[in-house]
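Heads up: the structure comes next, in structure tokens.
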Amino acid sequence: MRLFSKDRPEIPIVNHTKEDGSAWTIKEKLLLGLSVTEYKKQFFRNPVNWFMIMIFAIGVPLILGRYAFGLGWVTHASNDYPWGLFLGFGLFGMVPLSASGFMLGTTVELFGRKDFHSIERLALLNGLLGYFFAVLFLEIDLGMPWRLPYPMFVSLGPAAVLFLVAWHVATYLSVQVAEVLPALFEWMGWLKGKRIIRKYVLGLTVAGIILSTLHQGALGALFTYAPAKVHPLWLSTNFQWLHFFVSSIFGGLSMVIIASTLIKNFMGWRCDEEFKANLDYVTVGMAKGASLAMITYLVIKLVAVAHDQEWTYLLTGWGSYYMLELGVAVVLPMFMFAFGVRNNWVTLIRFGAFIAAIGIIWNRLNTSLVCYNWQMYQEIPHWKEVWITVTIYALYFLTYRFIVYRLPIVYEWKGER
Amino acid sequence: MKKLNRRSFIKGGLATTAAAAVLKETKSEASGDFDNYPEGMGVIVDLTRCVGCRSCEAACNKEQGLPEPAVPFDDFSVFDIIHHGEKRRTDETAYTIVNRYDPPEIDHPLFRKIQCNHCNEPACLTSCFVNAYTKTPEGAVIYNASVCVGCRTCMIACPFYIPTFKYSSAFTPRIMKCIFCYDTRLKNGKPPACVEACPQEALTFGKRRDVLKIGKQRIRETPGKYVDHIYGEHEVGGTAWMYLSSVPFDKVGFDTHVPKEPIINSVKEFLAMVPMVLTIWPGLFVGFHLLATRKDKIQELEKEKELRKLKENDEKEEQV
Amino acid sequence: MQTRKKFMRTALALTTGTILFAPIHLSAMDASDAPESVTIDSMAKLYAPVEFDHLMHTEYASCEECHHHTTGVQVADPNCLRCHANTPEADEVSCVGCHAADRFDDKYLATLDDPTIYHIDKPGLKGAYHLNCIGCHVIIDGPTGCQDCHAMTEAGEKRFNTGKHAPAGGNTSGAHH
Ligand code: SF4
Ligand code: SF4
Ligand code: SF4
């Protein structure tokens, strides 16, 4: 971002007032203090944006087509594989990677670890956006998206696991909105709102833990409805919810490490000194937490295999695939984390986080698609389905960037001191 | 910021506990146990009788007003259709399908009709978060399209791959599945259309407990004709439609690995842990918080004390 | 109803025949007691009535193979023998006399609730015909295709989406196996 040069000290905006003492308008804040031409210039200079435009050029018509012609137009309309990428990736993959909000909320607010304060807002935002886009993916996938509130208000099926997921994701989404709002209020200069929310922060955090434990687990429990369809190695009716919950802990932490790495490298202008100075320290801290969660995860995975007497499955081709998944997606990053923590080698940790996050998605896709109907044929998603998934994810990226560019997420707002 | 402590704590705690109480209540009513309707109807399908005439498919198509088939119902080349290595299955145009199997142990083919088995504790029903499904006292598992949101969890949950989705429709999609001809026949004491159409009486209709008796009688009185098992008597907690076969069931396309218990039982582990988390977590984590921040708090209290002392001193001085 | 009546008449003829030719009930019937041909049309709707050459069929099967214990000829099935070892000729030998046309209607099903009834699994009329005919035809290589015995009616073509009512572009041959 070469445009924010030294000769314009008021940019990036961290304050309500300009150099000359007048206040920034919201519009100016939205434009990052640039003029429209300047803004356009920096936008089109960025190759990432061209890449995004390419994705959207095809993706948006596809999404419109999905609503005009039905799901069958963009997917294989499979009755054997009712859930495809939209849920397999969008819901089951996005949600665990968004467990960061409750993880760091708990660390900072509940356990009083102020030393992680500089990353807390990023973790909260990462959580909020992940959930929001998971719901967006759901809205693509639902046959009748306009009936989204039905399970809440119209016809209740409280015995169903998905009922729990719906309620918890909805409430948790509001909890996260509340947790991220202070950043928006600071940016807008509405201090009262911030103070109101500050009062409830602990209640919100506790609610966050409960809701997260339950719905992260519930996403796993959804697959216990298909005990004869999911390969036994990927399904343990007793421990599935624990597998999903525990893996979401290191999934969420890894995602924050990734986000912070990207921000540090490509948005350095936006970070304040505290964020930059603390980043390596908090990254090591999070890696420590993640590696602990990973070892726990490996143990309960093992317990599940032992409990269900599935040793013989390990000798089959599926068994090798299972070991490959655990090895690459969990054991490898776990060692990278541990080694990185011990030697304070942050770059290794960052690579490890990348592998771990992909590993979570891999695991969720395995559970929902690859090892689902394992005795049947393998479903390969339709290209339109893939493209739409990429498009929504690109939108997620853009929104993420849009917010981090503006709100005080990785910097402290100087306005109210 | 430090002032949030105890009071707001309790406030937050209360809110979560209240939520816990509400959710717990809804949970307990939802234990997943359905009354087994003793008068429920059922069908026993005798594979040794079926000749693969597809009369049942044709009758179903007309009774349920399903779309015109791609090929006539007396075209038997459909038995050779293999898609993705699988034989034909139910879809949005067909609630019931007959498939041919050629088990090596016998010299003639066997035919197997599939449709919804109208489980005693239907997985589709228990997995649906808007309660779109109902098990009627007559034994049918019916579906209400007006509340369905199209999440397709029921399709995941059904161990027999029965519910299908009307993917072709953008504005009125819905689940498509056999409803035992509930609206038009069953509720008026009539057998479903397929049963009535079957020339071979491969489909024997009656109260579930009666047709079960019939099945057992057939096995007992014609030794050697059947394998000694009625598929659906216990599978997934029992189904209203049950099957007799002369060869092991896995040779004619049945999934013999489905659990003997209702599908909901494998979910119970999780459902049981929900109220626990809801009730224990708030106290547990609030406790953690108090412990973790005790030092801060003591410091704060001390500071307060000092402040108060200072104030008092000030006041005293003033008085003096 | 018309068809039902006709069927009853056939049955009646059969019974009368029995009484005329075999005044002593204990004696068994034989092929000569039977009508030469029977029109089976009581359920004809999707398929035309069957012209059943009874006389010809007596060359392939003895009475009890189709009529069970009702003709006074001893049955072979050991299971039937348990009760019907010495059962005399019945008042009613026609199929419809025992095999209900409304096999699965609630009223008929209610009659099966009587716990003393042994024959809870008696096929209905349509089932009885097809099970008996096709069961034997398969063994002795008789005709087994639907239209080998009864031609499909217009209503049948509509039901099966075949012939005149075949789906556009679909296979109209109605290939039988
Ligand atoms: S067979 Fe499937 S669709 Fe039918 S009642 Fe059982 S679970 Fe539901
Ligand atoms: S698709 Fe409809 S019927 Fe099936 S579980 Fe979802 S809401 Fe219920
Ligand atoms: S109508 Fe009866 S005999 Fe014909 S295919 Fe269906 S179940 Fe089999």
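The values are calculated or read from the model by the stated rules, or taken from the named source; none is laboratory data. Model, not experiment: these values are computed from the prediction. All Cβ positions, even for glycine, are placed from backbone atoms using ideal geometry, and neighbour counts span all protein chains on display. Accessible surface areas use protein heavy atoms only, side chains included; no ligands, DNA or RNA. Shrake-Rupley method; radii C 1.70, N 1.55, O 1.52, S 1.80 Å.
Sorted by mean Cβ packing within 10 Å, highest first, what order do the peptides C:92-104, A:249-261 take? Write out the running numbers ahead of the final one.
On the way: C:92-104: 19.0, A:249-261: 27.2.
Packing proxy ranking, top to bottom: A:249-261, C:92-104.
Quick check on my link table: of A:K229/B:K62; A:K384/B:K166; A:K384/B:K135; A:K301/A:K384; A:K229/B:K135; B:K135/B:K190, which ones sit more than 28 Å apart, alpha carbon to alpha carbon?
Details: A:K229/B:K62 32 Å; A:K384/B:K166 19 Å; A:K384/B:K135 38 Å; A:K301/A:K384 35 Å; A:K229/B:K135 24 Å; B:K135/B:K190 17 Å.
Over 28 Å Cα-Cα: A:K229/B:K62; A:K384/B:K135; A:K301/A:K384.
Taking K and R as +1 and D and E as -1, what net charge do the other residues with C-beta under 13 Å from the C-beta of A:L262 add up to? Let's see the in-between values first.
Values: positive: A:K264, A:R270, A:R350, A:R401; negative: none.
That works out to +4.
Taking a probe of 1.4 angstrom, what is the accessible area of A:W383 in Å², to the nearest 10?
Counting only protein heavy atoms, the figure is 140 Å².
Which GluC sites (Glu not before Pro) in segment C:27-91 sit in a loop by DSSP (not H, G, I, E or B) and have at most 13 other Cβ atoms within 10 Å of their own Cβ?
Working: sites: C:E36, C:E51, C:E59, C:E64, C:E65, C:E89; in loops: C:E36, C:E59, C:E89.
For GluC sites (Glu not before Pro) across segment C:27-91 that sit outside H, G, I, E and B with at most 13 neighbouring Cβ atoms in 10 Å, the list reads C:E36, C:E59.
Give the interface area between chains B and A as buried accessible surface, both sides summed, probe 1.4 Å, in Å² to the nearest 100.
Values: alone 18860 and 19240 Å², together 32010 Å².
Chain pair B/A: roughly 6100 Å² of buried accessible area.
Among the lysines, which fall within straight-line cross-link reach of B:K316, defined as a Cα-Cα distance under 21 Å, with same-chain neighbours fewer than 8 residues apart omitted?
B:K303, B:K305
What are the DSSP H helices in chain A that stretch 30 Å or more along their long axis, judged by alpha-carbon atoms, and whose average Kyte-Doolittle hydropathy comes to at least -0.5?
Values: long enough: A:47-69 (33 Å, 1.55); A:117-141 (37 Å, 1.09); A:161-188 (39 Å, 1.39); A:240-266 (38 Å, 1.22); A:273-307 (50 Å, 0.80); A:383-406 (35 Å, 0.65).
The answer, listed by residue number, is A:47-69, A:117-141, A:161-188, A:240-266, A:273-307, A:383-406.
Counting Lys +1, Arg +1, Asp -1, Glu -1, what net charge surrounds B:T164 among other residues with beta carbon under 13 Å of its beta carbon?
On the way: positive: B:R88, B:R89, B:R152, B:K166, B:R174, B:K177; negative: A:D80, B:D91, B:E92.
Counting the neighbours of B:T164, the net charge comes to +3.
Determine the shielding of peptide A:194-206 by partner chains: average, over its residues, the number of Cβ atoms on other chains within 10 angstrom of each Cβ.
Neighbouring Cβ atoms belonging to other protein chains average 5 per residue here.
What is the helix-to-structure angle for B:208-221, meaning the angle in degrees between its Cα long axis and the longest Cα principal axis of chain B, kept from 0 to 90 and rounded to the nearest 10?
Once rounded, one gets 50 degrees.
Pick from B:M273, B:M176, B:M155: which is most flexible by mean-square fluctuation in a GNM of chain B where alpha carbon atoms under 10 Å apart are linked?
In the Gaussian network model the winner is B:M273.
Sort out for me the Cα centre separation of segment B:259-298 from segment A:81-154, rounded to whole Å.
Answer, in whole Å: 20.
Quick one: helix B:294-319 against the long Cα principal axis of chain B, what's the angle to the nearest 10°, folded into 0 to 90?
30
If the cut-off is 21 Å between C-alpha atoms, which lysines fall inside it for A:K18, apart from same-chain ones fewer than 8 positions away?
Hits, sequence-local ones excluded: A:K6, A:K27, A:K29, A:K414.
Across the residues of A:140-151, average count of Cβ atoms on other protein chains within 10 Å? Could the numbers behind the result be given before it?
Values: counts 0, 3, 6, 14, 11, 2, 2, 7, 2, 1, 9, 7.
Mean partner shielding for this stretch: 5.
Which of B:V98, B:V286, B:V78 moves most in a GNM of chain B, Cα contacts under 10 Å?
B:V286
Mind checking segment B:29-136 for GluC sites (Glu not before Pro) that DSSP puts in a loop (not H, G, I, E or B) and that have at most 13 other Cβ atoms within 10 Å?
Numbers: sites: B:E29, B:E39, B:E57, B:E63, B:E86, B:E92, B:E105; in loops: B:E29, B:E39, B:E92, B:E105.
Answer by residue number: B:E29, B:E39, B:E105.
Gap in Å between the Cα centre of segment A:316-351 and the Cα centre of segment B:153-171?
After rounding, the separation between the Cα centres reads 38 Å.
Ignoring ligands, DNA and RNA, please state the percent of accessible area on segment B:197-274 from carbon and sulfur, probe 1.4 Å. Each step should come with its number before you reach the end.
On the way: 1490 of 2790 Å².
Looking at segment B:197-274 in its full context, I get 53 percent from C and S.
Give me the dipole magnitude in Debye, nearest 20, for segment B:41-262 about the Cα centre, with unit charges on the beta carbon: positive for Lys and Arg, negative for Asp and Glu. Mind showing how you got there, number by number?
Numbers: 27 positive and 26 negative charges, 117 e Å.
Roughly 560 debye, rounded to the nearest 20.
Relative contact order of chain B: what whole-number percent is it, with Cα pairs under 8 angstrom and at least 6 residues apart? Working shown, then result.
Details: 455 pairs, mean separation 75.1, N = 320.
In percent, rounded to a whole number, it is 23.
Would you compute, from DSSP H runs of 4+ residues alone, the mean residue ellipticity of chain A at 222 nm, taking -39500 (n - 2.57) per run and dividing by the full residue count, rounded to the nearest 500?
Working: 16 runs with 263 residues, N = 417.
Theoretical 222 nm ellipticity from helices: -21000 deg cm²/dmol.
Which value, in debye to the nearest 20, describes the size of the charge dipole of segment A:76-381 about its Cα centre when Lys and Arg Cβ atoms bear +1, Asp and Glu Cβ atoms bear -1, and nothing else is charged? Before the final figure, lay out each step's value.
Working: 18 positive and 16 negative charges, 146 e Å.
Once rounded to the nearest 20, the dipole reads 700 debye.
Average partner chain C-beta neighbours within 10 Å, per residue of C:120-132?
Numbers: counts 7, 12, 2, 4, 6, 1, 6, 8, 1, 3, 8, 7, 0.
Average neighbour count from other chains, rounded to a whole number: 5.
What GluC sites (Glu not before Pro) in segment A:327-417 are in a loop by DSSP, with at most 11 other Cβ atoms within 10 Å of the Cβ?
Numbers: sites: A:E379, A:E385, A:E412, A:E416; in loops: A:E379, A:E412, A:E416.
Taking segment A:327-417 and a limit of 11 other Cβ atoms within 10 Å, the loop GluC sites (Glu not before Pro) found are A:E416.
As a check on your grasp of the helix formula, calculate [θ] at 222 nm for chain B: sum -39500 (n - 2.57) over DSSP H runs of n ≥ 4, divide by the residue count, round to the nearest 500.
My calculation for chain B gives -12000 deg cm²/dmol from helical runs alone.
At 1.4 Å probe size, with every protein chain present, just tell me what the per residue accessible area of the protein assembly as shown comes to in Å². Please list the in-between numbers first.
Values: 41020 Å² over 914 residues.
On a per-residue basis, the protein assembly as shown sits at 45 Å².
Out of the total accessible area of chain A (probe 1.4 Å, heavy atoms of protein only), what percent is carbon and sulfur? Spell out each step's value before the answer.
On the way: 11340 of 16180 Å².
Answer for chain A is 70 percent, counting heavy atoms of protein chains only.
Could you compute how much accessible surface A:S320 exposes when probed at 1.4 Å, giving the result in Å² to the nearest 10?
70
Classify the protein assembly as shown from the C-alpha gyration tensor, please: rounded if a/c falls under 1.5, else prolate or oblate depending on whether a/b exceeds b/c.
Details: a/c = 3.06, a/b = 2.52, b/c = 1.22.
Prolate shape, in that a/c is at least 1.5 and a/b is the bigger ratio.
Where does helix B:5-28 land angle-wise versus the long Cα axis of chain B, in degrees 0 to 90, nearest 10?
Value to nearest ten degrees: 20.
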